[in-house]
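Scroll down for the structure; my scribbles are underneath it.
The values are calculated or read from the model by the stated rules, or taken from the named source; none is laboratory data. Just so it is clear, the structure is predicted and the values come from calculations on it, not from any experiment. Using ideal geometry, Cβ is built from the backbone for each residue, glycine included, and neighbour counts are taken over all protein chains shown.
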C-alpha cells in the first residue's frame, strides 16, 4: 500500500475521521506496516501496549490467552487498541492473524506528537472515544441480568 491509500484507510477509521488530509498524511507517514502470516501472533494478552493497529487487509482474531476462544474479529479498517494511543495500558487479549494480514502500527509517541501539534483534533477524538465508551456501557447494561448476584434466599433453602 502506498501513502495515499494509507491516508484513505486511516480517514475511514472513526477515531481519525475528523482529521484533515495533512494530519492524516503525518499519521500515515510516521506509522509502520507489519505483515503477518496466517496464525502469527501480533501481540499477547497482558503485554505492554504502546500503540494501536489498523487492519489494512486480512483479519485479526482477538482471542483468550490460551487461544481457546475468539473474543472478537477485527476486519479490514478496524482499529485495535485505541486506548493505548493515549494511555499506558496492557493488552486485554491475544491478537492472531487469520490469513495473510497487513496492519499499520501507530505508536503512542507519534499520536501524542500529532495531538500536541494539532490540539484541535484532541476534542474530536475525546468525543469519539466517549461515544464508544457510552456504547460499550450500554451493551454491558443489556447483559447485566445474566450476571446478577443470586438472591439472598437462593441456595439457602429459605
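Once the range 80-104 is narrowed to residues that are touching a residue at least 60 places away in the same chain (Cβ under 8 Å) and within 18 Å of residue 45 (Cβ to Cβ), the residue that is farthest from the chain's Cα centre (by Cα) is 98.
Here residue 114 fulfils each of the conditions (1) touching a residue at least 40 places away in the same chain (Cβ under 8 Å); (2) touching a helix residue (DSSP H, G or I) at 6+ places or on another chain (Cβ under 9 Å); (3) assigned to a loop (DSSP other than H, G, I, E, B) apart from (3). Please note which strands (runs of 3 or more DSSP E) are completely contained in the range 1-79 and include at least 3 residues that are crowded, with 20+ Cβ neighbours inside 10 Å, in contact with a strand residue (DSSP E or B) (Cβ under 8 Å, 6 or more places away or on another chain) and touching a residue at least 12 places away in the same chain (Cβ under 8 Å). Result: 51-63. Taking the conditions (1) within 13 Å of the chain's Cα centre (by Cα); (2) touching a residue at least 12 places away in the same chain (Cβ under 8 Å) in turn, residue 133 satisfies each one other than (2).
Considering (1) modelled with pLDDT of 95 or more; (2) within 18 Å of residue 133 (Cβ to Cβ); (3) in contact with a helix residue (DSSP H, G or I) (Cβ under 8 Å, 6 or more places away or on another chain), the lone condition that residue 84 does not fulfil carries the number (1).
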